[in-house]
Amino acid sequence: MHASDALTIAAQAGFVGVGAWLTHIDIREHRLPNRVLLPATIVAILLCALASAAEGSAGILVRALAGGLILGAVYLVLRAASRGGLGGGDVKLAVPVGIVLAWDGWAAFAAGGALAFAVGGVWALGMIVMRRGTMATHMAFGPCMILGAVCGLALT
């Protein structure tokens, strides 16, 4: 195992751990706190920078940062278009999600990004079928983003 592989595994394991914590918070409080998101983003960037240095190429870091910026921008546009339906925490969460996904590769980025919406749709449909919500019910989307990312990493 190369050092960059160990750093990738550490980043993904950390993402899962922090993701579980954020999922718990978001479901209970409908918010994703900056006190968790900012350090998670910084650690993801630092681990990716170390992996790039271990590989002797900036390619991994550039791809990961591009993924974070792209997914963050997509969620920013979605937030504006949804008129408050998507929270600011979701936009901020999109950055570390994009970093971790793109670090693994563009296939993981595409799969994880798309699967967030598939998970969200299934969750919303389940709430409606179980009569725990309606089309107007606000649901925490952070857990969908995290589960979609984990599934995207697992599938690629």
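Quick note: the coordinates plus some simple rules give every number you see, no bench work behind them. These figures come from a predicted structure and were not determined experimentally. Here the Cβ is made from the backbone with ideal geometry for all residues, glycine too, and neighbour counts use every protein chain on show.
Computed over the alpha carbons of the chain, Rg followed by Dmax gives 15.6, 54 Å. Computing FRET efficiency as 1/(1 + (r/R0)^6) for residue 20 and residue 130, where r is the C-beta to C-beta distance and R0 is 25 Å, gives about 0.60. 3J(HN,Hα) along the range 30-45: 6, 7, 10, x, 4, 5, 9, 5, 5, x, 4, 5, 5, 5, 4, 5 Hz, from the Karplus curve 6.51 cos²θ - 1.76 cosθ + 1.60 with θ = phi - 60°, whole Hz, x for Gly and Pro. Note on residue 76 and residue 155: the extension gain reaches 25.8 nm, defined as 0.36 nm multiplied by sequence separation minus the Cα-Cα distance. Dividing the mean sequence gap of close Cα pairs (under 8 Å, 6+ apart) by how many residues the chain holds gives a relative contact order of 27 percent. Each residue of the range 138-144 is assigned a 3J(HN,Hα), and the resulting list reads 7, 10, 5, 9, x, x, 5 Hz, derived from the Karplus form 6.51 cos²θ - 1.76 cosθ + 1.60 (θ = phi - 60°), x at Gly and Pro.
A simple rule links phi to the HN-Hα coupling: the Karplus curve 6.51 cos²θ - 1.76 cosθ + 1.60 with θ = phi - 60°, which for the range 118-135 gives 5, 4, x, x, 5, 4, 4, 4, x, 5, 5, 4, 7, 6, 9, x, 10, 4 Hz, with x for Gly and Pro.
When peptides 47-55, 108-116, 6-14 are ranked by their average number of other Cβ atoms within 10 Å per residue, the highest-first order is 108-116, 47-55, 6-14.
Rounded to the nearest 10 degrees, the inclination of helix 88-104 to the longest alpha-carbon principal axis of the chain is 40 degrees. Taking a label point 7 Å from the Cα of residue 58 along the Cα→Cβ vector, which residues of the range 95-112 have an amide N closer than 18 Å to it? Only 103 pass the distance filter.
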